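Asker: Take a look at this one; I'll ask things after.
Derivation of every value follows stated rules applied to the coordinates shown; laboratory data play no part. Keep in mind that what you see is a predicted model, and the values were worked out from it rather than measured. So basically every Cβ, Gly included, is an ideal-geometry build from the backbone, and we count neighbours across all protein chains shown.
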C-alpha cells in the first residue's frame, strides 16, 4: 500500500473516530489543539506537500498531553521537516468551526527561524520551499489564511 493511501486512510479514520466520540458525548468533546510554524527564507515558505493529496500545509501538529504548545511546534517541525527551529513571534490563533474537515480543532500559528538541520521528508509528506503565490488555492485546512496573515502582518485571533 502506498504512503499516500496510508495517509488518506489515517486521516479518514481520525475523522471518523472523532465524530463517534462527539456523538457519544452529545457534542461535548473539546477541540483538538494544534500548533504550526511559518518559516520564511529568501521569499519562500517552508511547507509540507501532504502525502494524502490534501495539498500543502505549514509544518505542525497536535499538542500532546504533557507538552506545551511551544514544545509541540518545535517537535512537529523537526519531525516533519528535519529542521530545528526557534519561535520568534505569533501569527495568530485559528479556531474556525470548519478549519479542519477531519475534526474540530484550534491552531496556534507561530513565526519561526531555522537554527539547524537539513530538509527531510516524513510520513506527512514532502518538505519543500515554495513562494506563496505558487501554493495559494492549493493549501489544506486554513493554512492559506495563516500565510496571508503572516505576510500582511495581521495578527489573527479568531
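Asker: Which residue out of 78, 138, 154 is closer than 12 Å to residue 57 by Cβ and out of contact with any helix residue (DSSP H, G or I) (no Cβ under 6 Å at 6 or more places or on another chain)?
Answerer: On the way: 78 fails: closer than 12 Å to residue 57 by Cβ; 154 fails: closer than 12 Å to residue 57 by Cβ.
Exactly one of 78, 138, 154 is closer than 12 Å to residue 57 by Cβ and out of contact with any helix residue (DSSP H, G or I) (no Cβ under 6 Å at 6 or more places or on another chain), namely 138.
Asker: Right, here's the next one. Please give the number of the condition residue 158 fails out of (1) surrounded by 14 or more Cβ atoms within 10 Å (Cβ to Cβ); (2) in contact with a strand residue (DSSP E or B) (Cβ under 8 Å, 6 or more places away or on another chain); (3) under 27 Å from residue 20 (Cα atoms).
Answerer: (1)
Asker: How many of the residues making up the range 131-153 are loosely packed, with under 15 Cβ neighbours inside 10 Å and either under 19 Å from residue 72 (Cα atoms) or touching a strand residue (DSSP E or B) at 6+ places or on another chain (Cβ under 8 Å) (or both)?
Answerer: Residues in the range 131-153 being loosely packed, with under 15 Cβ neighbours inside 10 Å and either under 19 Å from residue 72 (Cα atoms) or touching a strand residue (DSSP E or B) at 6+ places or on another chain (Cβ under 8 Å) (or both): 2 in total.
Asker: So residue 127 clears everything in (1) outside any strand (DSSP E or B); (2) within 26 Å of residue 9 (Cβ to Cβ) except one condition, right? Which one?
Answerer: Of everything listed in (1) outside any strand (DSSP E or B); (2) within 26 Å of residue 9 (Cβ to Cβ), residue 127 misses just condition (1).
Asker: May I pose another question? Is the range 107-116 home to any residue that is in contact (Cβ under 8 Å) with a residue 12 or more places away in the chain, more than 17 Å from residue 42 (Cα to Cα) and surrounded by fewer than 17 Cβ atoms within 10 Å (Cβ to Cβ)?
Answerer: no
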